[in-house]
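Following: one structure in structure tokens, then a few remarks.
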């Protein structure tokens, strides 16, 4: 059987590499991009870059701005609200399913991460890494490939927002919320796990919006900020 066409391989590679650069902050929100620059940066021709750009625009990670052209998306107030609404729904479902289907090994791994969180308080980069590991393991513990796909897409867009874990006591608050969610999963209580995950997402949204209003002002087409 014939394998994938080389052109398709190059397009997929360009898509993955540009997407990862956005997720990791190598391409920052608001940064202006061109096909030529991206092709040079990633060592590919313009055709696969053009195809990758089309996919990333459809996913909302890239945007065409008036007078600026192609840029990495800067979520505005309404987009941030919508992101957190979906985060609440999807993570609530993930927590419920994890309570039902997570293995004892997965639960033990989540417990280890949660218990280790205080050691990272005050270190934004370390906290963000720990937070991503915990949420990523929660998603896997749900054992639902379709939910995982939706959460991965949501995570890609949320990566446009810088972490606020070191601001206003959010790290300590998030840690308490994680403990509550884990406690419900350990008890295999799907209702309580979903409620705890939804509460966690709403608290993160409240913290995010308060920071946006206090830092940027009235939320009209404001640039956004990464989960928790």
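The values are calculated or read from the model by the stated rules, or taken from the named source; none is laboratory data. The structure presented is a predicted model; accordingly, all values stated were derived computationally and were not measured. Here the Cβ is made from the backbone with ideal geometry for all residues, glycine too, and neighbour counts use every protein chain on show.
Among the residues in region 104-119, are any at pLDDT below 95 and crowded, with 16+ Cβ neighbours inside 10 Å? The answer is no; no qualifying residue exists. Report, ordered by the first and then the second residue, all pairs with beta carbons closer than 6 Å, sequence separation of six or more or different chains, a first member in region 145-169 that is farther than 12 Å from residue 23 by Cα, and a second member that is part of a loop (DSSP other than H, G, I, E, B). That search, which allows pairs on different chains as well, returns 163/226; 165/228. Here are the criteria: (1) assigned to a loop (DSSP other than H, G, I, E, B); (2) surrounded by 16 or more Cβ atoms within 10 Å (Cβ to Cβ). Tell me which single one residue 188 does not satisfy. All conditions are met except number (2). Picking from residues in region 22-40 that are assigned to a helix (DSSP H, G or I) and in contact with a helix residue (DSSP H, G or I) (Cβ under 8 Å, 6 or more places away or on another chain), the one that is modelled with the lowest pLDDT is 23.
Every residue, every condition in (1) in contact with a strand residue (DSSP E or B) (Cβ under 6 Å, 6 or more places away or on another chain); (2) on the phi < 0 side of the Ramachandran plot, yes or no:
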| position | (1), (2) |
| --- | --- |
| 17 | no, yes |
| 31 | yes, yes |
| 52 | no, yes |
| 67 | no, no |
| 86 | no, yes |
| 98 | no, yes |
| 102 | no, yes |
| 117 | no, yes |
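Against the condition over 17 Å from the mean Cα position of the chain (by Cα), within 28 Å of residue 125 (Cα to Cα), assigned by TED's automatic domain parsing to the domain that holds residue 186 and in a helix (DSSP H, G or I), how does residue 98 come out, does it pass? It is true that residue 98 is over 17 Å from the mean Cα position of the chain (by Cα), within 28 Å of residue 125 (Cα to Cα), assigned by TED's automatic domain parsing to the domain that holds residue 186 and in a helix (DSSP H, G or I). Taken together, 145, 133 contain a single residue that is touching a helix residue (DSSP H, G or I) at 6+ places or on another chain (Cβ under 7 Å), surrounded by fewer than 16 Cβ atoms within 10 Å (Cβ to Cβ) and not assigned by TED's automatic domain parsing to the domain that holds residue 27, which is 133. Pairing residues of region 59-82 that are over 19 Å from residue 26 (Cα atoms) with residues that are in a helix (DSSP H, G or I) and modelled with pLDDT under 90, at Cβ distances under 8 Å and at least 6 apart in sequence or on separate chains, gives 77/212; 80/212.
May I ask you to verify whether residue 170 is assigned by TED's automatic domain parsing to the domain that holds residue 98 and modelled with pLDDT under 95? So residue 170 passes the test. Can you report the number of residues in region 69-80 which are more than 14 Å from the chain's Cα centre (by Cα), crowded, with 16+ Cβ neighbours inside 10 Å and assigned to a helix (DSSP H, G or I)? Residues flagged as more than 14 Å from the chain's Cα centre (by Cα), crowded, with 16+ Cβ neighbours inside 10 Å and assigned to a helix (DSSP H, G or I) within region 69-80 amount to 1.
Results for (1) in the same structural domain as residue 148 (by TED's automatic domain parsing); (2) under 20 Å from residue 171 (Cβ atoms), shown as yes or no for each residue.
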residue: 53; (1), (2): no, no
residue: 58; (1), (2): no, no
residue: 109; (1), (2): yes, no
residue: 123; (1), (2): yes, yes
